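Chemist: This is the structure I have questions about; it appears just below.
The values are calculated or read from the model by the stated rules, or taken from the named source; none is laboratory data. If you're wondering where the values come from, they're calculated on a predicted model, not measured in any experiment. Quick reminder, even Gly has a Cβ in these numbers, built from the backbone with ideal geometry, and neighbours come from all protein chains shown.
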Number of protein chains: 2
Amino acid sequence: MPKPPPRRWRRRKEARPDEILAAALDVFRDRGFAAARLDDVAARAGVSKGTLYLYFPSKEALFKALVRESVLPNLIRAESVARAHRGGAADLLRELLTSFGMLITNNDRLAAFPKLMMAEAGNFPELARFYLRTVIYRAFRLITAVLKRGVAAGEFAPMNYAATARLAVAPIIFMALWRNSFAAHDRRGPAPRVVVERHVELFLAGLAIGRRSS
Amino acid sequence: MPKPPPRRWRRRKEARPDEILAAALDVFRDRGFAAARLDDVAARAGVSKGTLYLYFPSKEALFKALVRESVLPNLIRAESVARAHRGGAADLLRELLTSFGMLITNNDRLAAFPKLMMAEAGNFPELARFYLRTVIYRAFRLITAVLKRGVAAGEFAPMNYAATARLAVAPIIFMALWRNSFAAHDRRGPAPRVVVERHVELFLAGLAIGRRSS
DNA sequence: TGTTAATAACTGACTGGTCAGTTATTAATG
DNA sequence: CATTAATAACTGACCAGTCAGTTATTAACA
């Protein structure tokens with residue numbers, strides 16, 4: 001009796017894109033954009049390399065799609081939290097920074113983006129401009145709005161907004177980068193959560209109207 | 001009349017290593033470690049690729065030599081500043097962070113290291129461990145010592161040292177990374193110097209004994 | 001309802017190009 | 001003229017993107 005020929009693959013037009021994106025994010029996270037092999041992405045997605053190109057025209061397009069699907073929704077959620085918030089600016093800022101910090105220290109896949117961008121911006125300027133416009137400027141705008149709200153309400157001392165907005169996120173981004181670079185070799189370091197909490201505490205203390213530092 | 005055969009190259013055993021290192025740092029800075037071509041390094045050093053291998057056994061060895069020659073001396077200088085300092089811990093910390101910030105925002109070549117390490121640590125774990133041991137832990141140890149000095153003197157409130165040491169340098173590293181990734185595409189951003197100054201101000205204000213933040 | 005023609009999802013071998021590291025050879029120097 | 005710094009051609013491995021061919025699925029028809 002002739003063996004029934006095993007089914008070698010299935011048509012799954014709907015499910016492919018998401019599976020490919022998930023696989024791509026994992027491989028990009030582990031190896032970086034340039035060093036990631038599309039063969040590996042395909043293998044992880046359970047598909048052949050040719051199939052990748054049925055759904056995404058290039059490696060770069062794959063990356064842009066990832067930013068839109070994985071990063072942007074979180075930023076949009078943060079914007080709506082800010083819009084809905086009714087308490088003080090310090091409270092809102094604490095909430096935004098803490099949840100950003102938790103998100104990025106608990107979620108391996110999200111933590112990959114800062115590393116990917118920092119690492120590859122130089123060699124893929126188009127990707128850098130895309131990320132800057134789509135994510136970074138938008139995040140800075142959100143933070144700046146909260147800072148201004150706080151100054152207007154007399155909660156925060158007057159400040160250089162652009163510089164301070166960068167300082168609000170810098171340590172959180174730093175921890176995300178750390179997680180994807182040195183954390184694997186660093187057994188002594190403090191838990192990322194602790195660093196984030198300490199940052200929020202220190203940052204808000206510095207922002208508050210009151211004693212001068214020197 | 002026979003043309004005098006032009007001299008095609010010179011023997012310069014002493015000068016080569018430094019010239020090669022300088023060229024390598026430039027190329028690594030511009031393209032990252034993995035994407036840097038040794039052909040480019042050689043060309044920039046005015047030498048052929050084979051010559052590189054007379055002086056350095058591998059691309060990785062080239063990088064380690066760079067860390068030892070370019071990064072370490074600055075760290076060692078900072079340690080001796082700290083040892084010699086006779087004023088308060090806040091003063092010393094301000095001085096260390098400011099000069100670190102100035103160094104890294106004014107010196108293109110030094111600013112390259114954080115980017116290189118963050119970008120390549122995943123794919124070159126041996127390099128990551130080397131940098132962690134040789135540079136990062138040593139820098140954390142220095143900052144921690146200053147923080148402890150400040151707490152002992154009653155200048156700073158008690159704290160989690162490991163977390164706070166990371167927060168002291170995080171924004172400065174962040175600016176170095178920014179400089180090598182997004183700065184080229186970012187016309188609006190504040191001057192790095194301003195961000196560093198603002199960080200030092202904010203950080204020291206947060207550290208000081210006094211009002212609680214909430 | 002079983003057979004077959006048409007379609008489109010999917011495969012994987014291949015191409016063209018890149019680059020770290022090697023080696024046979026050449027030329028500067030003492 | 002022996003030594004060795006330096007060259008440049010070479011090798012082998014790697015990988016993004018392509019495309020001719022294969023197979024699952026659907027639709028038309030008997």
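Chemist: Among the numbered conditions (1) at pLDDT 90 or above; (2) of a type in the set (D, E); (3) loosely packed, with under 12 Cβ neighbours inside 10 Å, tell me where A:D26 comes up short.
Modeler: Of (1) at pLDDT 90 or above; (2) of a type in the set (D, E); (3) loosely packed, with under 12 Cβ neighbours inside 10 Å, only one is false for A:D26: (3).
Chemist: Another question, if that's okay. Within segment A:177-201, which residues are part of a helix (DSSP H, G or I) and acidic (D, E)? Spell out the reasoning first.
Modeler: Within segment A:177-201, the subset part of a helix (DSSP H, G or I) is A:177-179, A:183-185, A:192-201.
Residues satisfying the conditions are A:E197, A:E201.
Chemist: Further, regarding this structure: Quick one: which helices (runs of 4 or more DSSP H) sit completely within segment B:32-127 and have at least 1 residues that are within 16 Å of DNA strand C (Cβ to nearest atom)?
Modeler: On the way: elements: B:38-44, B:49-55, B:59-66, B:72-84, B:89-106, B:108-120.
Hits in segment B:32-127: B:38-44, B:49-55, B:59-66, B:108-120.
Chemist: Sticking with this one: Taking the options B:A15, B:A34, B:A42, name whichever one is more than 16 Å from the chain's Cα centre (by Cα), farther than 30 Å from B:V151 by Cβ and loosely packed, with under 14 Cβ neighbours inside 10 Å.
Modeler: Details: B:A34 fails: loosely packed, with under 14 Cβ neighbours inside 10 Å; B:A42 fails: loosely packed, with under 14 Cβ neighbours inside 10 Å.
One residue alone meets the criteria, B:A15.
Results for (1) buried (at least 19 other Cβ atoms within 10 Å of the Cβ); (2) over 15 Å from the mean Cα position of the chain (by Cα), shown as yes or no for each residue.
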{"position": "A:K64", "(1), (2)": "no, no"}
{"position": "A:V67", "(1), (2)": "no, no"}
{"position": "A:H85", "(1), (2)": "no, yes"}
{"position": "A:I104", "(1), (2)": "yes, no"}
{"position": "A:E120", "(1), (2)": "yes, no"}
{"position": "A:R129", "(1), (2)": "no, yes"}
{"position": "A:R133", "(1), (2)": "no, no"}
{"position": "A:T144", "(1), (2)": "no, yes"}
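Chemist: Of the residues that sit in segment A:148-163 and are in contact (Cβ under 8 Å) with a residue 12 or more places away in the chain and surrounded by 22 or more Cβ atoms within 10 Å (Cβ to Cβ), which one is farthest from A:A78 (Cα to Cα)?
Modeler: Here the residue is A:F156.
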